[in-house]
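Enquirer: This is the structure I have questions about; it appears just below.
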Amino acid sequence: MSNRTFTMIKPDATQNGHTGGILAMINEAGFRIVAMKTTQLSAEKAGEFYAVHKERPFYGELVAFMSRGPITAAILEKSNAVEDFRKLIGATNPAQADEGTIRKKYATSIGENAVHGSDSDENAAVEGAFFFSKLEQF
Ligand code: CMP
């Protein structure tokens, strides 16, 4: 069990003005923000971030969506961070997300699902390093 996970507030939530609301839920759930930045991914960078999904039928759609507007990337710290954060964001498909989760409140579809959360400690480290150098993590 590691103490860090990685998240992105995706272009749909950013464009709909939900960044503050999502950060408040993250804060209230007891996560500490170790690093954070708002940026926009090029299609190339979005493709690289989601390379693990390259063979999936939705890959093109995912890359187009994730590069269409600004995102906020963050590294979060808490005990049992990966698992607890996945509980806080809820199911990938917001139709299946529990009450009280970020996706239940802010996501509109399985593709445009407001937030990303790492699915393992290993991926949390890789994804965090994709956006932040060691000097940018506090
Ligand atoms: P995320 O947790 O960021 O990881 C992979 C993303 O692919 C996922 O959230 C969704 O946004 C997207 N995704 C997963 N399944 C589908 C699908 N069936 N159609 C479109 N996008 C999907």
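The values are calculated or read from the model by the stated rules, or taken from the named source; none is laboratory data. These figures come from a predicted structure and were not determined experimentally. Ideal geometry is used to build each Cβ from the backbone, glycine not excepted, and the neighbour counts take in all protein chains shown. Surface areas here come from the heavy atoms of the whole protein model, side chains and all, with no ligands, DNA or RNA. Shrake-Rupley method; radii C 1.70, N 1.55, O 1.52, S 1.80 Å.
Enquirer: Answer rounded, prolate or oblate for the range 1-55, using the Cα gyration tensor with square roots of eigenvalues a ≥ b ≥ c: rounded when a/c is under 1.5, else prolate when a/b is larger than b/c, else oblate.
Expert: Working: a/c = 2.36, a/b = 1.35, b/c = 1.75.
Verdict is oblate for the range 1-55.
Enquirer: Go through the range 73-84 residue by residue and turn each phi into a ³J(HN,Hα) via Karplus (6.51, -1.76, 1.60, θ = phi - 60°); whole Hz please, and just put x for glycine and proline.
Expert: Whole-Hz 3J(HN,Hα) from phi for the range 73-84: 9, 8, 9, 10, 10, 4, 5, 6, 4, 4, 5, 5.
Enquirer: Let me ask you something else. Which chymotrypsin sites (Phe, Trp or Tyr not before Pro) does the range 15-118 hold that lie in a coil by DSSP with at most 13 other beta carbons within 10 Å?
Expert: On the way: sites: Phe31, Phe49, Tyr50, Phe58, Tyr59, Phe65, Phe85, Tyr106; in loops: Phe31, Tyr50, Phe58.
Sparse-neighbourhood loop chymotrypsin sites (Phe, Trp or Tyr not before Pro): Phe58.
Enquirer: Something else now. Report the label-to-label distance for Ser79 and Gln40 in nanometres (one decimal), using points 7 Å from each Cα along the Cα→Cβ vector.
Expert: 4.3 nm
Enquirer: Another one. Can you work out the Karplus-derived ³J(HN,Hα) for every residue in the range 89-105? Use 6.51 cos²θ - 1.76 cosθ + 1.60 with θ = phi - 60°, whole Hz, and x for glycine or proline.
Expert: With the stated coefficients, the range 89-105 comes to 7, x, 4, 3, 8, x, 5, 9, 7, 6, 4, x, 8, 4, 5, 4, 7 Hz.
Enquirer: Which whole number of Å³ per residue matches the convex hull of the alpha-carbon atoms in the chain? Spell out each step's value before the answer.
Expert: Details: hull volume 13.9 nm³, N = 138.
Convex hull volume per residue, Cα atoms: 101 Å³.
Enquirer: Using DSSP to define loop residues, name the GluC sites (Glu not before Pro) in the range 31-138 whose beta-carbon has at most 12 other beta-carbon atoms within 10 Å.
Expert: On the way: sites: Glu44, Glu48, Glu55, Glu61, Glu77, Glu83, Glu99, Glu112, Glu122, Glu127, Glu136; in loops: Glu55, Glu99, Glu112.
Here the GluC sites (Glu not before Pro) that fit, given the DSSP loop and packing criteria, are Glu55, Glu99.
Enquirer: Moving on. Using a 1.4 Å probe on the protein heavy atoms, what percent of the accessible area of the chain belongs to carbon and sulfur? Please list the in-between numbers first.
Expert: Values: 3730 of 7210 Å².
Solvent-exposed carbon and sulfur of the chain make up 52 percent of the total.
Enquirer: Using DSSP to call loops (not H, G, I, E or B), can you name the trypsin sites (Lys or Arg not before Pro) in the range 54-138 whose Cβ has at most 14 other Cβ atoms within 10 angstrom?
Expert: Values: sites: Lys54, Arg68, Lys78, Arg86, Lys87, Arg103, Lys104, Lys105, Lys134; in loops: Lys54, Arg68, Lys78.
When the trypsin sites (Lys or Arg not before Pro) of the range 54-138 are filtered for loop state and at most 14 Cβ neighbours within 10 Å, Lys54 remain.
Enquirer: Can I ask one more? If the viscosity is 1.567 mPa s and the temperature 4 °C, what Stokes-Einstein diffusion coefficient in µm²/s follows for the range 21-97 when Rh is the Kirkwood radius over Cα pairs?
Expert: Working: Rh = 14.2 Å.
Estimated diffusion coefficient is 91 µm²/s.
Enquirer: A further question follows. Could you report the range 4-136's accessible area per residue, 1.4 Å probe, as an integer in Å²? All intermediate terms of the calculation are to be shown ahead of the outcome.
Expert: Details: 6720 Å² over 133 residues.
Per residue, the range 4-136 has 51 Å² of solvent-accessible surface.
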